[in-house]
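These notes concern the structure reproduced below.
The values are calculated or read from the model by the stated rules, or taken from the named source; none is laboratory data. Only a predicted model underlies this, so the values are computations on that prediction, with no experimental measurement involved. Virtual Cβ from ideal backbone geometry, glycine too; neighbours counted across all protein chains shown. For the accessible areas, the whole protein counts, side chains as well, though only heavy atoms, and no ligand, DNA or RNA atoms are used. Shrake-Rupley method; radii C 1.70, N 1.55, O 1.52, S 1.80 Å.
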Amino acid sequence: MSSFDKIDDVFYYIKRYLLPIVFFIIGIYLLRLGLATYKLELNNGEWLTYKQDSKFLVAAALFMSVSIVWILYLLDVIKPMVGYVIMGIMLIGSAAVLYFDYQTINKEVVFKEKYEKREIEIQTRMMDIKAAELAYREANGNYTNSFDDLIDFIYNGKKMTIKKLGSQPERKITPEERDLIYGDNRPIDNLMTEEEAYILSKSSNVPTDLVGFVRDTTYIPVMDALFNSTKYQKERRKLGGELEFNADSLRYVPFSQNLATLDTASITKGDLKVPTLLIKMTHPMEHPTDGLIDYTIGAKDDNHLKDNWSKIK
């Protein structure tokens, strides 16, 4: 046999066994992927850790089996028609398994992204409710358990704001200033208070060190004082919510028609009766392992307004 004949034989066997060998390599590669652990960065910056579904390993086994059957067919160990049928079934099965495995992983990622988006919007809306309740308590002395009252307050209520310019001088008032303020001979023992500075700043003869001193109390709409303010909008964006503030939507859990809960009570601290507040929303989607999760701010039996995000996570 000439050298050319030997080269032809080599190329013949390469062409004959190349595809089944490629299928076997693909099977090994799929097996490696199926056993590995993966990380995927989500839209909110967190990482999702996952493994391929067991169907991925089945696909790897099918690809390797196809290559083995193919080689057995080429070696005349099994009949051609039987080989074609087995390889066809295995190839179709492998493709189907890979497709369904991809769909499973994709659905898991999409679900987690939707779940976390709703979680962020729930937390943002609950912080809106908290801000409104604090303004309501400032104006009325207590919280409200009625969303109708709270929403009406946001649209029609007023919030007290104090304009402050300058600071009171670090000195005692003079006897003349004492006479102007109090009209008596009380001793002058302490430094000037802010109230004394305010009275003097409104007098006809304002002391030089109180020129420009301002303490003016005004009442402006809650929407303008709070929710439309640049400061609040900036703090709200930090939470990550994308839904615009809408007072009429406060009663609803985001992306659902489920209602939020407002519950008020009071506790006694010493001689004081202190109002308490509990805000609660339930995530509209069921968590795969934890079921329906409640998000809360505050408590009925304590006057704190802490959230439970950290406990959930």
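Annotations for the structure displayed:
- Size descriptor, Kirkwood hydrodynamic radius, that averages inverse alpha-carbon separations across segment 93-241, Å: 20.7
- Segment 172-313: radius of gyration over Cα atoms, expressed as a fraction of 2.2 N^0.38 Å: 1.72
- Ranking of F23, F111, F227 by solvent-accessible surface, largest first: F111, F23, F227 (1.4 Å probe, protein heavy atoms only, all chains present).
- Note on E195/A265: beta-carbon distance plugged into 1/(1 + (r/R0)^6) with R0 of 51 Å gives a FRET efficiency of 0.90.
- For D271, D216, the ranking by accessible surface with the largest value first comes to D271, D216, using a 1.4 Å probe.
- Theoretical gain in end-to-end length, K306 to I188 [0.36 nm per residue, Cα-Cα removed]: 38.1 nm
- Surface accessible to a 1.4 Å probe, per residue, for the residues of segment 164-313, Å²: 65
- The heavy atoms of S249 present about 30 square angstrom of accessible area, all protein chains included, probe 1.4 Å.
- Fully extending the segment from E176 to F111 would add 16.0 nm, taking 0.36 nm per residue of separation and subtracting the current Cα-Cα distance.
- Sorted from longest to shortest, the spans of the Cα atoms of segment 222-292 along the three principal axes equal 45, 38, 22 Å.
- The Cα trace of segment 249-290 gives Rg and Dmax of 15.4, 48 Å, the first to one decimal, the second as a whole number.
- For the cross-link pairs K172/K269; K130/K273; K172/K231; K112/K300; K112/K231, the ones whose C-alpha atoms lie over 25 Å apart are K172/K269; K172/K231; K112/K300; K112/K231.
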